[in-house]
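Engineer: The structure under discussion is supplied below as structure tokens; questions concerning it will follow.
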Amino acid sequence: MKVVILVGSRNPEGQTARAADAFKEGVIRKGSQAEAVFLPQMKIERCRQCEENGWGICRTEGRCVIEDDFAMLVEKIRNADAAVFASPVYFHDLSESLRSFLDRLRRICRWHETGKDRIEGKAAIGICVAGGSGNGAPACTVSLEKVLTFCGFQAVDMIPVRRQNLEMKLAILRETGAWLATNA
Ligand SMILES: Cc1cc2nc3c(=O)[nH]c(=O)nc-3n(C[C@H](O)[C@H](O)[C@H](O)COP(=O)(O)O)c2cc1C
């Protein structure tokens, strides 16, 4: 099986990246494949709210009008058996790169059959890493679960991590990766 991990951190060696790596290790241990993509390295514009009423072809055609890396990333999710979303906690919430991506994703796959293709019902896991004070990771997971559910994913687990328990959570993330690889 194939797992795609979208990481909303700009630091490939930071705490969120370590969490994503631990998850990946667990997936690979079970003989499955995992690919991590760092969203700040991608070109992802924010939603343009194309029409006066705020809608756009996202609702009528299940795709986004903006030509950037969004469609390629959506295709990666469609071609994976499960998707993982890992965010550093910013202001007790998601990072901007992940937020911009998910703001657009929910628009294409909420209403239209084409947009829902290979996303509706797909297993998704959220990881939120509070690397500063350590506060706000549970609130961030609530925010992430809400948007993933809106997108149509089956949010099978949400894992809050704080700087103070990172080492312990890395072990849990490895096991969750192994579990996902054998159960999704
Ligand atoms: C704009 C901003 C807001 C942040 N808000 C929080 C927060 O609410 N709680 C927290 O523990 N850390 C907060 N941090 C720290 C990040 O969670 C921490 O830097 C992050 O884990 C490290 O990023 P990395 O995982 O990409 O290395 C914030 C950092 C930034 C840049």
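Engineer: Just checking: which of the helices (runs of 4 or more DSSP H) contained wholly in segment 1-99 hold 2 or more residues that are over 18 Å from L166 (Cα atoms), free of Cβ contacts under 8 Å to residues at least 40 places away in the same chain and not polar (S, T, N, Q)? Break it down into steps so the answer makes sense when it comes.
Structural biologist: Details: elements: 15-29, 57-61, 70-79.
By residue number, 70-79.
Engineer: Checking A171 against (1) buried (at least 23 other Cβ atoms within 10 Å of the Cβ); (2) more than 24 Å from R63 (Cβ to Cβ), only one condition comes out false. Which one?
Structural biologist: Every condition holds for A171 apart from (1).
Engineer: Tell me, yes or no, whether segment 17-40 has at least one residue that is surrounded by fewer than 16 Cβ atoms within 10 Å (Cβ to Cβ), farther than 18 Å from E175 by Cβ, within 14 Å of the ligand (Cβ to nearest atom) and modelled with pLDDT of 95 or more.
Structural biologist: Scanning segment 17-40 turns up at least one residue that is surrounded by fewer than 16 Cβ atoms within 10 Å (Cβ to Cβ), farther than 18 Å from E175 by Cβ, within 14 Å of the ligand (Cβ to nearest atom) and modelled with pLDDT of 95 or more.
Engineer: If you don't mind, another one. Could you tell me which of the residues E113, E120, E145 is of a type in the set (D, E) and over 16 Å from the mean Cα position of the chain (by Cα)?
Structural biologist: Details: E120 fails: over 16 Å from the mean Cα position of the chain (by Cα); E145 fails: over 16 Å from the mean Cα position of the chain (by Cα).
The conditions single out E113.
Engineer: Could you please find all residues in segment 6-16 being under 22 Å from M72 (Cβ atoms) and either aliphatic (A, V, I, L, M) or more than 6 Å from the ligand (Cβ to nearest atom) (or both)? Spell out how you get there, then give the answer.
Structural biologist: The initial filter retains those residues of segment 6-16 that are under 22 Å from M72 (Cβ atoms), namely 6-10, 12, 16.
Those that are under 22 Å from M72 (Cβ atoms) and either aliphatic (A, V, I, L, M) or more than 6 Å from the ligand (Cβ to nearest atom) (or both): L6, V7, G8, R10, P12.
Engineer: Taking segment 78-97 as the region of interest, how many residues are buried (at least 17 other Cβ atoms within 10 Å of the Cβ) and out of contact with any Gly (no Cβ under 9 Å at 6 or more places or on another chain)?
Structural biologist: Qualifying residue count, segment 78-97: 3.
Engineer: Sticking with this one: With (1) of a type in the set (S, T, Y); (2) buried (at least 21 other Cβ atoms within 10 Å of the Cβ); (3) within 22 Å of S100 (Cα to Cα) as the list, and T176 as the residue in question, which single condition is left unmet?
Structural biologist: So T176 meets the others, but not (3).
Engineer: Hey, another quick one. Residues in segment 46-67: is at least one among the hydrophobic types (A, V, I, L, M, F, W, C), under 16 Å from G131 (Cβ atoms) and either away from the ligand (no atom under 16 Å from the Cβ) or within 11 Å of the chain's Cα centre (by Cα) (or both)?
Structural biologist: Taking segment 46-67 and keeping what is among the hydrophobic types (A, V, I, L, M, F, W, C), we get 47, 50, 55, 57-58, 64-66.
From what's left, under 16 Å from G131 (Cβ atoms): none.
There is no residue in segment 46-67 that is among the hydrophobic types (A, V, I, L, M, F, W, C), under 16 Å from G131 (Cβ atoms) and either away from the ligand (no atom under 16 Å from the Cβ) or within 11 Å of the chain's Cα centre (by Cα) (or both).
Engineer: I'm checking my understanding of the structure. Among residues of segment 125-184 that are outside any helix (DSSP H, G or I) and among the β-branched types (V, I, T), which one is farthest from A17 (Cα to Cα)? Write out each step before concluding.
Structural biologist: Residues of segment 125-184 that are outside any helix (DSSP H, G or I), as a first pass: 125-136, 152-162, 184.
Add one more test, that the residue is among the β-branched types (V, I, T), and what stays is 125, 127, 129, 156, 159, 161.
Numbers: I125: 15, I127: 11, V129: 9, V156: 21, I159: 14, V161: 12 Å.
My answer is V156.
Engineer: Oh, and also: Here is a list of conditions, (1) surrounded by fewer than 17 Cβ atoms within 10 Å (Cβ to Cβ); (2) over 30 Å from G56 (Cα atoms); (3) more than 14 Å from the ligand (Cβ to nearest atom), and T149 meets all of them except one; can you say which number that is?
Structural biologist: Going through the list (1) surrounded by fewer than 17 Cβ atoms within 10 Å (Cβ to Cβ); (2) over 30 Å from G56 (Cα atoms); (3) more than 14 Å from the ligand (Cβ to nearest atom), T149 breaks only (2).
Here is a yes/no grid of residues against (1) crowded, with 17+ Cβ neighbours inside 10 Å; (2) within 16 Å of the ligand (Cβ to nearest atom); (3) over 11 Å from P160 (Cα atoms):
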{"residue": "L102", "(1), (2), (3)": "yes, no, yes"}
{"residue": "G126", "(1), (2), (3)": "yes, yes, no"}
{"residue": "N135", "(1), (2), (3)": "no, yes, no"}
{"residue": "P138", "(1), (2), (3)": "no, yes, no"}
{"residue": "L144", "(1), (2), (3)": "yes, yes, no"}
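Engineer: When only residues in segment 85-97 that are within 11 Å of the ligand (Cβ to nearest atom) and hydrophobic (A, V, I, L, M, F, W, C) count, which is farthest from the chain's Cα centre (by Cα)?
Structural biologist: So the first thing to find is which residues in segment 85-97 are within 11 Å of the ligand (Cβ to nearest atom), and the list is 86-97.
From the residues that got through so far, the ones that are hydrophobic (A, V, I, L, M, F, W, C) too are 86, 89, 91, 94.
Numbers: A86: 6, V89: 13, F91: 18, L94: 10 Å.
The qualifying residue farthest from the chain's Cα centre (by Cα) is F91.
The values are calculated or read from the model by the stated rules, or taken from the named source; none is laboratory data. Model, not experiment: these values are computed from the prediction. Positions of Cβ are generated from backbone atoms using ideal geometry, with glycine treated the same way; all protein chains shown enter the neighbour counts.
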